[in-house]
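Everything below concerns the one structure shown next.
The values are calculated or read from the model by the stated rules, or taken from the named source; none is laboratory data. Please read these numbers as outputs of a predicted model, since none were measured by experiment. Here the Cβ is made from the backbone with ideal geometry for all residues, glycine too, and neighbour counts use every protein chain on show. Please note that ligands, DNA and RNA were not included when accessible areas were found on the heavy atoms of the full protein model with its side chains. Shrake-Rupley method; radii C 1.70, N 1.55, O 1.52, S 1.80 Å.
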Amino acid sequence: MKITLEQGQGSLEFTLGKEKVLEVIQGKEVPKLAHDKICDIIDGGIRACVPTDIQNKTCAVIIPDDTRLWARGDLFVPRIIKTLSNLGLAFDRMQIIIALGTHGDILTDQFASLAGTYCTEHVKILNSAGLHPDRLVNIGTTYKGTPLLVTKEAWEADHIIIFGGILHHMLAGFGGGRKYILPGIAGEASIRHNHSLAIDKNGHPHPLVRQAKLLGNPVNEDLMDGANIFLKEKTSCYVAVAANGTGELFYAAVGDVHDTFMEGCRALDHACCVKVPEPGDFVLLSAGGHRADGQLYQATKALFNATNVVKEGGQILFVAGCEQGIGNPVFAEGLKRFRQNPEKLGQRLVSDFDMPSYVALRVIDILNRFQVTLASKLTGEQTCELGFEYTDNINRYVKSLSGKGYIIPFAENILAQIKR
């Protein structure tokens, strides 16, 4: 059978004997929503959620950065702004804040890809202040001890609109909703403390910090508390979207931040959490193309989603464009330095936590348990230096596969699990 796995702006194509494929895992066949329909949902939802005197308020629209391009902010953020304008809110009383966490600032010439040209022409757009202490304000402390430092411009707004996608997340259980506040618009100290809850005192990953897990997940519980503190004295809503197993948007809703988030999590699980009867000898996966695989650091989300359905020691082909490179130097250094001694990295994280090193720790665990070949734009030397195996001939690699396995064409969107 012919297999196509997206890689950056292109794809890898090869043939694999049908007898070797246990299943092509793509999630349930939920119909995609037309973009016009999503815009209608956004328009009606915004109108229902804004205060009656919105024209006298100030509004901050919080949106994702360039690691969430699949949410199509370029199409839908303009609809939010146009609806607010139609309700009487002046453009100079609105602003769009890009939720960066600790990611680097987005350049102004990239703003249109996140929020659309209409927004760049009418509304002030700014990066959040995670790495800029002079633009942070301290608004309290969560019950788990996280100091809540947030972007000043967001804190000063009367009405908050969060726009962004819901997806499975290795740390928070699900990305989206409350996560656009912490870590989204929060300061580095806040983010580091929250994320440090993912590691136990012995340097081991917390067992309840994983995809699709909210209850008992200390990271998620802290995120919820942080969002409640931030939103307590404000009016707010969440404009949520989610993608199905082939990367098409199938879900859109607007409403209370937490209620809409939870509804979206249930919809996402229904569409994208796929259970199979047995682990395979191999899995061939793609992060899903250029909207998900620009850099290796972000593309690893797809890798984490897929490893549950491979036998220990099995083969994994990880297809990711990585046209922007590795994406995070701390992550890269963690892979290079601690591949043979992950315990040392785990102990360091107990006293000095940082997210890129934690992701490196989790990736090292996968590299040590499976045979992971990375097919990307990175050179063979770069690939092997990071601990992955390398192939320059995909057809030869596929012919070498033994046993039977799974194909996951859009692994960032699919959480594959074994039936229990």
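Name the long-range amide H neighbours of Gly165: under 5 Å, sequence gap of 5 or more, or other chain; modelled H, no Pro or chain starts.
Result for Gly165 returns Val241.
Take the Cβ-Cβ distance between Lys419 and Gln9 as r, set R0 to 51 Å, and report the resulting FRET efficiency rounded to the nearest 0.05.
The calculated FRET efficiency here is 0.90.
Using the Cα gyration tensor of the stretch 1-159, with a ≥ b ≥ c the square roots of its eigenvalues, what is the shape: rounded (a/c below 1.5), prolate (a/b larger than b/c) or oblate (neither)?
It is prolate, given that a/c is not under 1.5 and a/b is the larger ratio.
Looking only at Cβ-Cβ distances, which cysteines of the chain have no other cysteine closer than 4.7 Å?
Lacking a cysteine Cβ partner under 4.7 Å: Cys39, Cys59, Cys119, Cys265, Cys272, Cys273, Cys322, Cys384.
Cys384 accessible area, nearest 10 Å², 1.4 Å probe?
Approximately 80 Å² of Cys384 is accessible to the 1.4 Å probe.
On full extension of the chain, what length is gained from Asp53 through Asn368, given 0.36 nm per residue of separation minus the C-alpha to C-alpha distance?
107.6 nm
For a quick check: with amide H placed at 1.01 Å from N, whose amide H comes under 5 Å from Glu389's, ignoring anything fewer than 5 positions away on the same chain?
Val372, Thr373, Leu374
Summing -39500 (n - 2.57) over the DSSP H runs of n ≥ 4 in the chain and dividing by its residue number, what mean residue ellipticity at 222 nm do you reach, to the nearest 500 deg cm²/dmol?
Helix contribution divided over all residues of the chain: -10000 deg cm²/dmol.
What ³J(HN,Hα) values, in whole Hz, does the Karplus curve 6.51 cos²θ - 1.76 cosθ + 1.60 give for the stretch 393-406 when θ = phi - 60°, with x put for Gly and Pro?
Taking θ as phi minus 60°, the curve returns 9, 5, 5, 5, 4, 5, 5, 7, 5, 10, x, 10, x, 10 Hz for the stretch 393-406.
Full-extension gain between Asp40 and Asp256, please, as 0.36 nm times their residue separation minus the C-alpha to C-alpha distance.
Length gained between Asp40 and Asp256: 76.0 nm.
Which residue fluctuates most in the GNM of the chain (Cα springs below 10 Å): Val239, Val319, Val24?
Checking each option, the largest mean-square fluctuation is seen for Val24.
Past 18 Å, Cα to Cα, is the threshold; run Lys311/Lys336; Lys2/Lys419; Lys37/Lys179; Lys152/Lys234 against it and keep the listed order.
Too far apart for the 18 Å limit: Lys311/Lys336; Lys2/Lys419; Lys37/Lys179.
What is the sum of charges around Gly177, taking Lys and Arg as +1, Asp and Glu as -1, for the other residues whose C-beta is under 12 Å from the C-beta of Gly177?
Result for the local shell: -1.
Once the other residues with Cβ under 12 Å from the Cβ of Pro78 are scored (Lys, Arg +1; Asp, Glu -1), what is the net sum?
Residues near Pro78 contribute 0 overall.
Starting from the Cα-Cα distance between Ala90 and Lys399, subtract it from 0.36 nm times their residue separation and give me the gain in nm to one decimal.
Once the chain is fully extended between Ala90 and Lys399, it gains 105.1 nm.
Got a sec? What order do Arg420, Arg369 fall in by accessible area at 1.4 Å, biggest, i.e. largest, first?
Arg420, Arg369
Quick one: work out the % antiparallel among DSSP beta bridges in the chain, nearest 5.
Roughly 30 percent of the DSSP beta bridges within the chain come out antiparallel.
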